[in-house]
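Some notes on the structure that comes next.
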Amino acid sequence: MEEIEEITSGQVRLFGASPTLLKLSPQAPLLDWAAYETGKAGWGVEDPKFIWEPARFGWALRLARAYHSTKDHQLAQLFWQKFEEFSKANPTLQGPNWASAQEVALRLIAFCLAANVFSDSPHTTHQRLHAIYQSIAVHAARIPPTLSYARAQGNNHLLSEATGLYTAGVFLPNHPMATFWRKLGWQTFHQALHQQISPDGTYAQHSLNYQRLMLDLSLWVICLSRWVGEVFPSASLTRLQAATRWLYSMVDPDTGLAPNLGSNDGANLLPLSTCSQVDFRPTLQASSLSFLGANSLPAGPWDELSNWLGLAANSQAIQPEPSSAINCLRNSNSRAYLRAVNFTSRPNHADQLHVDLWFQGQPVTLDAGTFRYSAPIPWNNSLAGTLCHNTLSVDGLDQMRRAGKFLWLDWAKTWLLPAPDLNTLVAETDAYRSFNISHRRTVKMESGLHWLIKDEMVPLYPSNSLHSFCLHWLLPDVPWRLEENTLLFSFPQAQVKLSFSTTPIHQSNIQLIRCAQLLAGKGDFPSFLGWYSPTYNLKVPALSVRSILQASAPILIQSDWVITPTIE
């Protein structure tokens, strides 16, 4: 209801961040949609997502939730006023809000859901229903002309657009194109699922947020399919079961939080619960019920999404098998995730051997996230690089060659190695093969309160070449104290001691950076360090600690983590 008060006052929380002006009118003059995609027309803003996100009408689902609970007809009236405002400011196929077929599809879905919920309000007149059904049809007709581009992308664009077509076909059964839209959407959607989800459940975009978007789209499609009596193919269900297990392996059940893996554009297709943007439990619970046949979490506020989708929870939660694609060590107190993947689809981030360390459901280390795709340097998707991940870099370079804002070449290969025991993970990457160096990382759980992480830089053949090795860790913005090669920092629930050592012994330069400001140490550093982005267009202070040394391989750098719980 607090968010509803913001929306009624003309503000909306884009990407789940702070309230900002709800603007549905792009900058005039408006040109044909194709002019924006081809660069013949400017977007009028630094980042087109600032135009697209409010026009997705995700905020309208907040209004729908509140209306369902209160039957306050002024909420229905507000939705219809905003729909009419959007329609007037964005004539059919004119302007940037028609440029991306994915944005068109996501808005179409929101229109269908909202119109359904508001259907019993006296403000939902026949004229308004006719207008929105016409708009849904126009939105659906916009998708097929560029569906080949979405197929070429092989990512969430194709799934979103297929879902939009199927939705229009179901909601407008008497439209002359309904059968075509429904059939094309259904076939395209299931082909995309098979192509984009690996048998182990990993989604093609290597991103936790896009994994959620893929599952939310799937939940919506299977909900509609049950409504019209269409049966999901078993091959699709098998992939979605694996994808659900993948998500279950990443999410902390007590907080709903998960590592900020890969690109994060703040997408949240079905914000139908009181849970926050970074809480993955609504999607996890609904996916478990839909695709695994039982809830994986106990009852809680995250069940609301499942209720909206017509899913009935079981009395007792099950624990799905963890995904084999997740390299994780855990005990009752803490856990560590080791990023080690052989890419079969385009990587989003150069993050091989990155480690996320967690204690009692909270991150001890952070994955920086995304912040922005389009912005002046250094914020043009810079957080996708190696230097801001919790791994080791050589000579200030990324693990792969960057060929554009979203494109990496010379994909780094990584493989798991045999571990000496069940409390150890070992992986190796050839990311720095051009320097004659192999990087091997060992993560060892000494206890729930003690972790050892060893980085070995091994020459592929004998060489005395000197390199600059930089080991980076991103930490929350918490009180700290640096004593030579040891950093002490504290959370409300624990104190942490991080110590660095090398074999053979070398003198390291320890840098501590917050918000691109050097707090300790000396030397240069990238200006995107010392920040954390929990969702799109939001960056908050964080602590980047870097251990830098000049040496020749072989060399071993050890990070010794000791966690001391706070005694209440």
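The values are calculated or read from the model by the stated rules, or taken from the named source; none is laboratory data. A quick note: this is a predicted structure, and the numbers were derived from the prediction, not measured. Virtual Cβ from ideal backbone geometry, glycine too; neighbours counted across all protein chains shown. Just the protein is used for accessible areas: all its heavy atoms, side chains included, with ligands, DNA and RNA removed. Shrake-Rupley method; radii C 1.70, N 1.55, O 1.52, S 1.80 Å.
Quick notes
- Screening the candidates Gly293, Gly256 for the property of being at positive phi and open to solvent by 20 Å² or more (accessible area, probe 1.4 Å) yields one hit, Gly293.
- The number of residues in region 382-397 that are of a type in the set (Gly, Ala, Ser), in a loop (DSSP other than H, G, I, E, B) and open to solvent by less than 20 Å² (accessible area, probe 1.4 Å) comes to 1.
- Residue that is most open to solvent (accessible area, probe 1.4 Å) [pool: residues in region 361-372 that are at pLDDT 95 or above and out of contact with any Phe, Trp or Tyr (no Cβ under 7 Å at 6 or more places or on another chain)]: Pro363
- Residue list for region 430-447, restricted to those being in contact with a Lys or Arg (Cβ under 9 Å, 6 or more places away or on another chain) and over 11 Å from Val394 (Cβ atoms): Asp430, Arg440, Arg441, Thr442, Val443, Lys444, Met445
- Whenever a residue of region 1-13 is of a type in the set (S, T, N, Q), it has no partner that is open to solvent by less than 80 Å² (accessible area, probe 1.4 Å) and not in a loop (DSSP other than H, G, I, E, B) lying with C-beta atoms less than 6 angstrom away and at least six residues away or across chains.
- Note on region 1-88: enclosed helices (runs of 4 or more DSSP H) holding 3 or more residues that are open to solvent by less than 20 Å² (accessible area, probe 1.4 Å) and under 13 Å from Ala114 (Cβ atoms) are 58-70.
- For region 89-99, filtering for residues that are in contact (Cβ under 8 Å) with a residue 60 or more places away in the chain and either surrounded by fewer than 20 Cβ atoms within 10 Å (Cβ to Cβ) or among the hydroxyl-bearing types (Ser, Thr, Tyr) (or both) leaves 4.
- For region 161-178, the set of residues classified as open to solvent by 10 Å² or more (accessible area, probe 1.4 Å) and aliphatic (A, V, I, L, M) consists of Val170, Leu172, Met177, listed by residue number.
- Exactly one residue out of Ala403, Ala375 is over 18 Å from the mean Cα position of the chain (by Cα) and without any contact (Cβ under 8 Å) to a residue 40 or more places away in the chain, and it is Ala403.
- His130 more than 27 Å from His349 (Cβ to Cβ), outside any helix (DSSP H, G or I) and open to solvent by 30 Å² or more (accessible area, probe 1.4 Å): no
- Residues that are open to solvent by less than 20 Å² (accessible area, probe 1.4 Å) and either modelled with pLDDT under 95 or within 17 Å of the chain's Cα centre (by Cα) (or both), drawn from region 335-351: Tyr337, Pro347, His349, Ala350, Asp351
- First in region 30-44 and within 16 Å of Thr146 (Cα to Cα), second anywhere and of a type outside the set (S, T, N, Q), Cβ under 6 Å, 6 or more apart: Trp33/Leu93; Trp33/Trp98; Trp33/Ala99; Ala35/Ala41; Tyr36/Pro96; Tyr36/Ala99; Glu37/Ala99
- Qualifying residue in region 227-248 (condition: over 22 Å from Glu321 (Cβ atoms), part of a helix (DSSP H, G or I) and either of a type in the set (S, T, N, Q) or open to solvent by 10 Å² or more (accessible area, probe 1.4 Å) (or both)): yes
- Candidates Pro122, Pro145, filtered to the one that is part of a helix (DSSP H, G or I), without any contact (Cβ under 8 Å) to a residue 60 or more places away in the chain and open to solvent by 10 Å² or more (accessible area, probe 1.4 Å): Pro145
- Flag set for Ser119, criterion: under 26 Å from Arg182 (Cα atoms) and not aliphatic (A, V, I, L, M).
- A single entry from Trp220, Trp181 fulfils the requirement of being closer than 30 Å to Leu63 by Cα, assigned to a helix (DSSP H, G or I) and open to solvent by 10 Å² or more (accessible area, probe 1.4 Å): Trp220.
- Among the criteria (1) within 17 Å of Asp395 (Cα to Cα); (2) touching a residue at least 24 places away in the same chain (Cβ under 8 Å); (3) surrounded by fewer than 14 Cβ atoms within 10 Å (Cβ to Cβ), the one Tyr461 does not fulfil is (1).
- Selection within region 512-568: residues that are more than 30 Å from Phe50 (Cα to Cα) and basic (Lys, Arg). The member of this set that is surrounded by the fewest Cβ atoms within 10 Å (Cβ to Cβ) is Lys522.
- Test result for Gln316, in a loop (DSSP other than H, G, I, E, B) and either acidic (Asp, Glu) or open to solvent by 30 Å² or more (accessible area, probe 1.4 Å) (or both): yes
- Residue match in region 191-201 (condition: among the charged types (D, E, K, R) and within 24 Å of the chain's Cα centre (by Cα)): yes
- Region 190-217, subset more than 19 Å from Thr283 (Cα to Cα) and in a helix (DSSP H, G or I), residue least open to solvent (accessible area, probe 1.4 Å): Ala192
- Any hit, region 537-550, residues being under 24 Å from Leu397 (Cα atoms), of a type outside the set (A, V, I, L, M) and either in a loop (DSSP other than H, G, I, E, B) or free of Cβ contacts under 8 Å to residues at least 60 places away in the same chain (or both): no
- Matching option when the condition is of a type in the set (Phe, Trp, Tyr), open to solvent by less than 60 Å² (accessible area, probe 1.4 Å) and part of a loop (DSSP other than H, G, I, E, B), among Trp379, Trp358: Trp379
- Conditions (1) over 18 Å from His354 (Cα atoms); (2) touching a strand residue (DSSP E or B) at 6+ places or on another chain (Cβ under 8 Å); number of the one not met by Asp421: (2)
- Just one of the listed residues (Thr503, Thr486) is of a type in the set (Ser, Thr, Tyr) and open to solvent by 50 Å² or more (accessible area, probe 1.4 Å), namely Thr503.
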